[in-house]
Every structure is written in structure tokens, then in C-alpha cells.
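The values are calculated or read from the model by the stated rules, or taken from the named source; none is laboratory data. These figures come from a predicted structure and were not determined experimentally. Glycine gets a Cβ as well: all are built from the backbone with ideal geometry, and neighbour counts include every protein chain shown.
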């Protein structure tokens with residue numbers, strides 16, 4: 001019996017609370033599952049709860065769904081899977097590298113460099129767009145390249161003014177997440193359309209959607225992984241450094257295996273975010289790479305109160321994540337997610 | 001301790017470039033349009049109006065109403081999520097019977113698409129055919145207007161938020177609880193500190209940094225709520241459950257008033273930044289005290 005175990009009555013109160021929350025958590029999921037097996041009459045006649053007892057389950061909704069009468073489910077499902085997996089793998093990899101760098105290495109960016117970047121990017125865009133008469137995309141690309149080059153160049157020379165450290169860079173990354181997604185989504189749509197006119201098709205493509213999702217997952221990945229990396233004992237890395245192991249091998253050979261729990265949790269959160277994301281998919285896709293949330297939301301406006309078919313469609317979006325939770329629980333039980341930090 | 005090594009550039013540049021490319025365009029685009037009068041339907045040539053859009057918005061009572069509604073939804077739901085999430089995480093951390101099962105099943109709501117959750121909520125909250133109506137009828141309150149009367153509708157949205165996002169709070173706090181050292185509790189038990197004292201004296205202060213982070217994330221995310229409200233009430237009745245993002249959507253994509261929408265989104269950004277800064281400023285002394 002360890003100190004962590006609850007003793008006496010507390011144990012049963014805690015159990016009662018957990019069971020109550022379990023019921024609250026599961027009822028909606030149970031409800032949508034049984035509704036998808038109801039017949040139209042079984043829905044309209046009032047609430048029924050137990051299959052075979054107070055209603056006769058049918059497979060109508062599911063056969064309609066799987067036979068393709070309710071839209072391109074197979075295609076949409078594959079698009080969601082491919083985009084979701086690749087975006088979260090890329091975001092987790094790129095984001096944890098950045099997070100590690102921000103925990104272990106010293107970064108010093110002069111505030112003036114940042115100001116130069118923003119001013120040149122804005123000024124270049126306005127000049128290109130309204131004075132030189134370039135298109136939106138062209139002036140934006142020129143402005144971006146010029147701003148980046150000037151900013152990097154200016155960081156080489158001595159500039160006065162305050163210096164931003166690692167915490168400020170983390171704050172900048174995380175603050176990207178504060179930006180209201182609705183305007184980002186619409187502005188991205190306009191940028192993608194402009195890029196399409198230049199010959200790079202990005203609207204309704206794999207690249208365009210994945211790229212957007214990676215960018216919008218990165219802040220959360222960096223925030224979460226930074227905490228995990230900061231909690232790792234630095235002594236192991238210091239020992240490796242004494243032996244002259246190069247930094248990249250310290251990261252991939254020592255740090256990544258040690259932070260598997262954090263990486264897996266972060267990957268899961270990112271995947272759930274991308275899989276369920278609505279707004280970006282709405283603007284950046286239209287047919288080929290449309291994702292499940294769009295299709296599910298469409299069921300509502302198209303079908304009104306046809307709850308049996310709405311429920312089946314919702315379940316197609318829900319079930320893969322439930323399976324993922326199951327896999328994760330196995331990982332947890334095998335100790336991958338628990339013991340590794342200690 | 002941080003060190004200096006040229007390889008740091010290799011580590012940080014991929015993330016930096018992606019975020020710069022994807023975030024700078026929306027920023028430039030919407031900041032420049034927020035100072036212009038720009039409509040797509042009917043198409044009129046863009047005209048520079050300075051702070052006109054902002055002034056117009058600040059005088060619009062609808063903006064204040066929407067901001068207030070969003071604030072209520074965000075604060076109440078995050079407070080509930082934190083209290084419930086912390087309690088459940090504590091129970092799970094203390095090896096409640098069946099802990100393995102709870103641990104997995106409690107995470108489920110977080111993984112369900114908000115659009116799907118909203119559709120399920122509509123079914124359950126249906127005033128004539130839903131199961132909640134049947135339950136309330138037993139208690140003698142038939143046909144309550146769950147989604148068509150302001151107070152009920154806001155309550156319904158908050159419940160859905162709590163249902164969906166408490167697992168996130170729980171997951172993060174549980175991960176934090178598991179890193180707490182056992183020996184502090186052993187020492188406290190030797191001193192005969194009861195569980196209540198142990199919680200306020202040890203657990204809560206040690207969990208403060210991660211709590212601050214989790215509540216911050218949830219608060220910011222809650223302010224951006226749209227899909228749940230969109231499917232459940234559509235902002236109704238009237239505009240009484242309309243949130244900031246939904247307002248922006250209505251202005252931008254029903255009226256195609258881009259300048260106004262961009263200004264709105266920047267005001268939205270300012271509101272969120274102010275709330276975030278105030279929140280961090282209030283909590284900073286406590287965080288430093290317990291370092």
C-alpha cells in the first residue's frame with residue numbers, strides 16, 4: 001500500500017464521483033450509437049433506450065451510408081486519414097525539434113530584427129501591390145523573401161535595442177494560436193487562390209491542407225513539448241556532452257526515446273485537433289480533399305431531423321478516434337506513457 | 001542551463017519558416033484590409049477608411065453583446081472544466097478502483113469532432129423527442145426550451161463544452177500529478193497532515209504552473225468557439241448565443257464585408273491578448289512564490 005492509495009471512505013466517494021462522470025461521458029456516445037440503428041418510426045415516436053427491448057434495430061442507415069447514397073464517404077474518410085496522420089507526424093517532429101532547441105540552446109534575437117522583418121514584409125507587400133502593380137501572391141513572395149533576407153542580414157551586425165531570449169520566442173510561437181482562426185482561414189484561402197493563378201494549385205490539395213494544419217498545430221506542439229523537455233534530467237545529456245556526442249545524436253538517440261510519453265500524447269492531441277478541425281477544411285477544400293467534419297455538418301442542413309442517418313455519419317467521424325484511444329490505452333498499460341519520465 | 005551550438009539553427013528553422021509563411025499572410029492581409037472599406041458582394045473598389053471600421057464596431061452594441069456572451073461561455077465552462085478535471089485527475093492518480101478503465105474512457109469526448117458532438121446534443125436536447133425531455137418530464141418539467149431560450153441555450157452550450165474539454169484538462173493535470181515526488185507526501189503523512197491539508201499545502205501549489213498553462217490554453221480556445229454554437233443554436237434565439245467567431249463569420253461570409261470582418265478579428269485578438277496578459281500578470285506572483 002503506497003501513499004498514493006486512498007484510504008477508507010474517500011476511496012468510495014472517489015469511485016462514486018468517477019462513475020457519475022463516466023455515465024455523463026458515455027450517455028451521449030451510447031445514444032448516438034443506438035440511434036444509428038433506429039428506424040425512422042423509432043426516432044419520431046419518442047426516446048427509446050434498449051435495442052431489442054423497446055425498439056427493433058435496423059441497418060437501414062448504415063447500408064445507405066456505406067452504399068454511397070449519402071455522399072462520398074470512402075473518399076472523404078481516406079482524405080481525412082491521410083491529411084490527419086501526415087500533418088500530425090510532421091507537426092510533432094518539427095515542433096519538438098524547435099521545442100528542444102528552445103529549451104537547451106541559447107537564442108538571442110534583437111527586437112529590431114523582428115521589427116525590420118515586419119516592416120519590410122508589410123511595406124514590400126503594400127509597395128508591390130499598390131505601387132508596382134504586382135499581383136497579391138507575387139508581391140507577397142517578394143516581400144517575404146526580402147524581409148527574411150534583411151532580417152537575417154541585420155542579425156549579423158550590431159543593432160541597438162532590447163534582445164529577445166528563448167522565452168520570448170516561445171511566447172511568439174504560442175501567440176500564433178491566439179489569432180482568430182476565422183480570418184486566418186479566409187486569408188489563407190485567398191492566398192491559395194492567388195498561388196493557384198501562378199500555377200501552384202493549393203486549394204483542395206493535399207499539400208495545401210496539410211501545410212496549413214502543420215502550421216496551426218505547431219504552437220501547441222511547441223508549448224507542450226517544451227514543458228516535457230524542460231522536465232527531463234539534464235545530467236544524462238551533460239554526460240553525453242562530456243563524451244563529445246554531437247547535439248543531433250543527443251537529441252535523436254537520448255532525448256527522443258526518453259520523451260516518448262510526451263511525444264505520443266502530443267501526437268494524439270494534434271491528430272485529434274486535425275481530424276476534427278472544421279473551419280480550415282471548410283475554406284481550403286471543396287471536393288477531392290474534403291474531410292469528415294464538413295461531410296457530417298452537411299448532413300445536418302441536408303437532412304433536418306433524420307437522426308438515424310445523421311448518427312451513422314457522426315459515428316464514422318467518431319469511431320477512428322475511439323480506436324486510437326484504445327491503442328493508446330494499451331500503450332499506457334504497457335507502461336510506455338507512465339513510467340518513462342521517472 | 002542553455003548552451004550555444006550552431007546546430008540550433010537546424011532544429012528551429014523548419015518550425016520558424018512554416019509558421020512565418022502561414023501566419024504572416026493572414027496578418028498582413030487582414031491588418032491592411034481592416035483599415036479599408038472592402039466588400040466582395042456587391043463589389044466596390046477598396047477605399048482607405050483609417051480607423052473607421054474599428055470606430056463603427058466599438059459603437060455597435062451587437063459587438064459588446066457578442067463579446068460578453070463569449071466571455072460568459074468561456075469563463076464558466078473553463079472554471080467547471082478545471083474543477084471537475086482536477087477532481088477526476090486526483091482520483092485517478094490515487095488508484096481509485098477501476099482506474100485503468102476510467103483513464104481510457106474519460107479521454108473519449110476530447111477526441112470526438114465538435115460538429116458531431118453538437119449534432120448529438122441537438123438530439124438529446126430536443127424538447128419533444130429527446131431523452132433529457134423525458135427525464136425532466138418525470139420531475140414535472142415537460143418540454144423545456146433547451147435550445148430556444150437564452151439562458152437554457154447558453155447552459156446547453158456550456159454543458160457541451162464541459163463534456164468535450166474536461167478530458168483535456170484531466171489529461172494534462174494527471175500527467176503533472178504523476179511527476180510529483182512521493183517522498184513529500186510520505187513526510188506529510190508522518191506529520192499527520194490530513195488529505196485536505198496535503199492538497200492545499202503540497203498538491204495545489206506544486207501543480208500551479210501546469211494549472212496556469214492548462215487554464216490559459218482552454219480559455220483562449222474557448223474564446224474561438226464556433227462549430228458547436230453554429231450547429232446547436234446557430235447563434236439563436238436572435239443573437240443571444242452568438243459568439244465572436246460566429247459574428248465574424250456572419251459579417252464576413254454572409255455579407256462579404258471584408259474590411260469590417262478584419263477589424264473585428266483584430267479587436268477579437270486584442271480582447272484575447274488583454275485577457276491573457278491580465279491573467280498571467282495576476283498569477284505571476286503566485287508562480288514565483290512557489291518556484
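Some notes on this structure:
- Residue count for the range B:133-161, restricted to those that are buried (at least 20 other Cβ atoms within 10 Å of the Cβ) and within 15 Å of residue A:27 (Cα to Cα): 2
- Figure legend. Inter-residue proximity from the range B:263-286: first residues more than 8 Å from chain A (Cβ to nearest Cβ), second residues surrounded by 17 or more Cβ atoms within 10 Å (Cβ to Cβ) and not in a helix (DSSP H, G or I), beta-carbon distance below 9 Å, spacing 6+ or different chains. Indicated pairs: B:263/B:35; B:264/A:180; B:266/A:180.
- When the criteria are applied in full, residue A:90 meets the requirement of being more than 8 Å from every other protein chain (Cβ to nearest Cβ) and in contact with a helix residue (DSSP H, G or I) (Cβ under 7 Å, 6 or more places away or on another chain).
- Single residue of the range B:66-97 satisfying the filter (at the interface with chain A (Cβ under 7 Å from one of its Cβ atoms) and without any contact (Cβ under 8 Å) to a residue 40 or more places away in the chain) that is nearest to the chain's Cα centre (by Cα): B:87
- Criterion (away from every other protein chain (no Cβ under 11 Å) and free of Cβ contacts under 8 Å to residues at least 40 places away in the same chain) met by exactly one of B:63, B:51, B:25, B:10: B:51
- For the range A:171-207, a residue qualifies if it is farther than 16 Å from residue B:25 by Cβ and facing chain B (nearest Cβ under 7 Å), and the qualifying residues are A:173, A:177, A:178.
- Residue A:217 meets the conditions (1) surrounded by 22 or more Cβ atoms within 10 Å (Cβ to Cβ); (2) at pLDDT below 85 in every case but one. The failed one is (2).
- Residue in the range B:120-138 that is in contact (Cβ under 8 Å) with a residue 24 or more places away in the chain, part of a helix (DSSP H, G or I) and at the interface with chain A (Cβ under 10 Å from one of its Cβ atoms) present: yes
- Residue match in the range A:241-248 (condition: more than 8 Å from chain B (Cβ to nearest Cβ), surrounded by 17 or more Cβ atoms within 10 Å (Cβ to Cβ), in a helix (DSSP H, G or I) and in contact with a helix residue (DSSP H, G or I) (Cβ under 8 Å, 6 or more places away or on another chain)): no
- The residues listed here are A:6, A:29; of these, the one that is within 7 Å of chain B (Cβ to nearest Cβ) and at pLDDT 85 or above is A:29.
- Residue ID - surrounded by the fewest Cβ atoms within 10 Å (Cβ to Cβ), chosen from residues in the range A:142-163 that are in contact with a helix residue (DSSP H, G or I) (Cβ under 6 Å, 6 or more places away or on another chain) and more than 19 Å from residue A:131 (Cβ to Cβ): A:162
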